[in-house]
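Down below is the structure, laid out as structure tokens.
What follows draws every value from the coordinates through simple rules; no lab data is involved. Please read these numbers as outputs of a predicted model, since none were measured by experiment. Cβ sites come from the backbone with ideal geometry, for glycine too, and all protein chains shown count toward neighbours.
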Amino acid sequence: MKNPLDTLKGTITLGVLLTVVLWLIVELAIF
Amino acid sequence: MWLFIEFLARWLHILSGVMWIGLLYYFNFVQGPFMAEAAAAAKPEVTTKLLPRAMWWFRWAAMSTLVFGLILIYMLSTDSGSAYWSSPRGVSILFGGILGIIMWFNVWFIIWPNQKFIIAATKAAVAAGKPVEGLGTRPRIAFLASRTNTMLSIPMLFFMAASTHNPWHLIGG
């Protein structure tokens, strides 16, 4: 499987997904 | 006076952060694709003359961002006590701060040591009139750490900005 960090599109997609996941953790788990 | 110093620290934190992440995006969005297309003869010029300058500002901007960020953490803790760090605003800024510290670590302990080696090896090869050899996995490791930081910058800036500017008031809203 190709490393998504090899492309800018993959890097940005991962960054956005990580943002959503961390945001949900803050919203649902902490508050 | 205290509030002015806090304001100054925040301003310098953001100013340093803009330079750091601006150069990070330059490396990933501009220099990387350029180097992939550049003629073989042009690459050592970039590595020996452009890269050392860009890396100097890049790593010291990262250091400056961290230092002023730590000063802000100290000042905010002194202002509001430990309760601040369990408030919605505090948690948001803390998430951003943790991501920023991971990125700072990547710059100083992964990207820069590898790039320093690559720059020195390229300079030696140019001086000897030989092709650059013996870099091993260093370019790949530096590349992946740089891409990791580009990825982490997205949630990092989200949490930094969301601490005061989230228009939906979802964090802790």
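Before moving on, here are some points about what is shown:
- Shape category assigned to the protein assembly as shown from the gyration tensor of Cα positions, a/c cut at 1.5: prolate
- About the Cα centre, charge dipole magnitude for segment B:1-125 (Lys/Arg +1, Asp/Glu -1 at Cβ), debye: 320 debye
- Prolate/oblate/rounded call for chain B, Cα gyration tensor, a/c under 1.5 rounded: prolate
- The helix-based estimate of mean residue ellipticity at 222 nm for chain B, built from -39,500 (n - 2.57) per DSSP H run of four or more residues and divided by its residue count, is -25000 deg cm²/dmol to the nearest 500.
- Sites residue B:161 and residue B:41, calculated FRET efficiency, Cβ-Cβ separation with R0 45 Å, nearest 0.05: 0.55
- Only Lys, Arg, Asp and Glu carry charge here, each on its Cβ (+1 for the first two, -1 for the last two); on that basis the protein assembly as shown has a dipole of about 640 debye about its Cα centre.
- Within segment B:45-80: backbone nitrogen closer than 18 Å to the residue B:109 label point (7 Å, Cα to C-beta): B:59-60, B:62-67, B:70
- The lysines whose alpha-carbon is closer than 29 Å to the alpha-carbon of residue B:130, local same-chain residues fewer than 8 away aside, are B:43, B:49, B:116.
- Where a label projected 7 Å from the Cα of residue B:57 along Cα→Cβ would reach, residues of segment B:83-112 with amide N under 16 Å: none
- Positive-end residue, segment B:2-165 charge dipole about Cα centroid, Cβ charges, pick of B:104, B:128, B:86: B:128
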